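Each remark here refers to the structure printed beneath this line.
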Amino acid sequence: LTLASVLGLMAAPSLAQQADWTNFHGNAMAQKYSASIQITPENVDQLEKVWELHTGDVSDGKGEIPGTVWSATPIVANDTVYIGTPFYRVIAVEPDTGKVRWSYDPKTELKALTQPELKNRGVTYWQAADGATGPCSKRVYIGTMSGQLHALDADTGALCADFGKGGILDVNQWNKPGANFPLSQLQPPTVYKDMLLLGWAGKDWVDSENPLGSVHAIDARTGELRWKFYSIPEGYPGKTGTANVWTAMSVD
């Protein structure tokens, strides 16, 4: 049983009831559950590999590039499989053939700024709920170790120029002043209507005093900050040890 086989079956309407897996945990409620009914305990041993894809984005850490950790769940949306790699690239793949439709390289520096290895927990898909069409009405987002969130047109892989600055948002602009390390945007945003909810990762096992844990809600189209939440209140006089959300969230 391979991931490629399962994704291929999930994406074929004639073979499965559920076609989409739009974020890291499957849906906004983070249920990690597929409603597909074609694959059962009785026939799962009959699955055969349909295609295989090698991203090439891997390092054993023995050279100039730090080691890599594969932490991403590919998503299925817009009749496409979207894959985020440890080098922060996005690859859009045809579900039934494995053919690459487009790929995007953020050209970010591959350095272990806040983590011991390069890692990425995948991408997020967002689609305008107002029925808008055209470029960037459907988007894929990926973050980097340096805290940059990239917004891409889901059909072409082109940057969405109206998001952040030219399609890239610097999440570190909201880091607490004087923080002793940068924030990393390793986890995919969580979608709620026209907002993206952002957690972050950091070097939170080294120092006793760290930035406060925070969640940022931003406009999915522009990247403008809507609100932020601190799990440890601002002005707390003690040592925080951080209380950040470093993985995917759920929406009730």
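The values are calculated or read from the model by the stated rules, or taken from the named source; none is laboratory data. Predicted model, so just to flag it, every value in this text is computed and none were measured. Neighbour counts are summed over all protein chains in view; Cβ atoms, including those assigned to glycine, are modelled from backbone coordinates with ideal geometry. Note: accessible area is taken over every heavy atom of the protein model, side chains too, but ligands, DNA and RNA are not part of it. Shrake-Rupley method; radii C 1.70, N 1.55, O 1.52, S 1.80 Å.
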Could you please let me know if R101 is touching a strand residue (DSSP E or B) at 6+ places or on another chain (Cβ under 7 Å), outside any loop (DSSP other than H, G, I, E, B) and open to solvent by 30 Å² or more (accessible area, probe 1.4 Å)?
-> yes
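Would you mention how many residues in the range 20-46 are outside any helix (DSSP H, G or I) and either free of Cβ contacts under 8 Å to residues at least 60 places away in the same chain or open to solvent by 60 Å² or more (accessible area, probe 1.4 Å) (or both)? Please lay out each step first, then the result.
So in the range 20-46, the residues outside any helix (DSSP H, G or I) come out as 20-43.
Okay, now just the ones that are also either free of Cβ contacts under 8 Å to residues at least 60 places away in the same chain or open to solvent by 60 Å² or more (accessible area, probe 1.4 Å) (or both), so 20-21, 26-27, 29, 31-43.
Residues flagged as outside any helix (DSSP H, G or I) and either free of Cβ contacts under 8 Å to residues at least 60 places away in the same chain or open to solvent by 60 Å² or more (accessible area, probe 1.4 Å) (or both) within the range 20-46 amount to 18.
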Criterion violated by G167 - all others in (1) in contact (Cβ under 8 Å) with a residue 40 or more places away in the chain; (2) crowded, with 18+ Cβ neighbours inside 10 Å satisfied | (1)
Select from the range 127-150 the residues that are of a type in the set (G, A, S) and crowded, with 17+ Cβ neighbours inside 10 Å and list them in ascending order.
-> S137, G143, S146, G147
Of the residues in the range 105-118 that are surrounded by fewer than 23 Cβ atoms within 10 Å (Cβ to Cβ) and in contact with a strand residue (DSSP E or B) (Cβ under 7 Å, 6 or more places away or on another chain), the one that is nearest to I75 (Cα to Cα) is P106
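Which residue out of T73, T68 is at pLDDT 95 or above and either open to solvent by less than 60 Å² (accessible area, probe 1.4 Å) or out of contact with any Ser or Thr (no Cβ under 7 Å at 6 or more places or on another chain) (or both)? Give the steps one after another, and end with the answer.
Values: T73 fails: at pLDDT 95 or above.
Going through T73, T68 in turn, just one is at pLDDT 95 or above and either open to solvent by less than 60 Å² (accessible area, probe 1.4 Å) or out of contact with any Ser or Thr (no Cβ under 7 Å at 6 or more places or on another chain) (or both): T68.
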Given (1) out of contact with any Ser or Thr (no Cβ under 6 Å at 6 or more places or on another chain); (2) open to solvent by 30 Å² or more (accessible area, probe 1.4 Å); (3) in a loop (DSSP other than H, G, I, E, B); (4) not charged (D, E, K, R), L186 misses just (2)
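Going residue by residue through the range 76-86, is there one that turns out to be touching a Pro at 6+ places or on another chain (Cβ under 9 Å) and open to solvent by 50 Å² or more (accessible area, probe 1.4 Å)? Even if it seems obvious, please write down each step before you answer.
Within the range 76-86, the first condition is being touching a Pro at 6+ places or on another chain (Cβ under 9 Å), and the residues that meet it are 76, 79-84.
Then drop every residue that is not open to solvent by 50 Å² or more (accessible area, probe 1.4 Å), which leaves 79.
Yes, because at least one residue in the range 76-86 is touching a Pro at 6+ places or on another chain (Cβ under 9 Å) and open to solvent by 50 Å² or more (accessible area, probe 1.4 Å).
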Being more than 30 Å from I232 (Cβ to Cβ) and within 16 Å of the chain's Cα centre (by Cα) narrows it down to one of D162, D130, D153, so name that one.
-> D153
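For L152, are the conditions met, namely being over 13 Å from G84 (Cα atoms) and part of a strand (DSSP E or B)? It would help to see each step written out before you state the result.
On the way: over 13 Å from G84 (Cα atoms): no; part of a strand (DSSP E or B): yes.
For L152, the condition - over 13 Å from G84 (Cα atoms) and part of a strand (DSSP E or B) - is not met.
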When E64 is evaluated against the numbered criteria (1) assigned to a loop (DSSP other than H, G, I, E, B); (2) closer than 21 Å to L152 by Cβ, which criterion, by number, is the only one it fails?
-> (2)
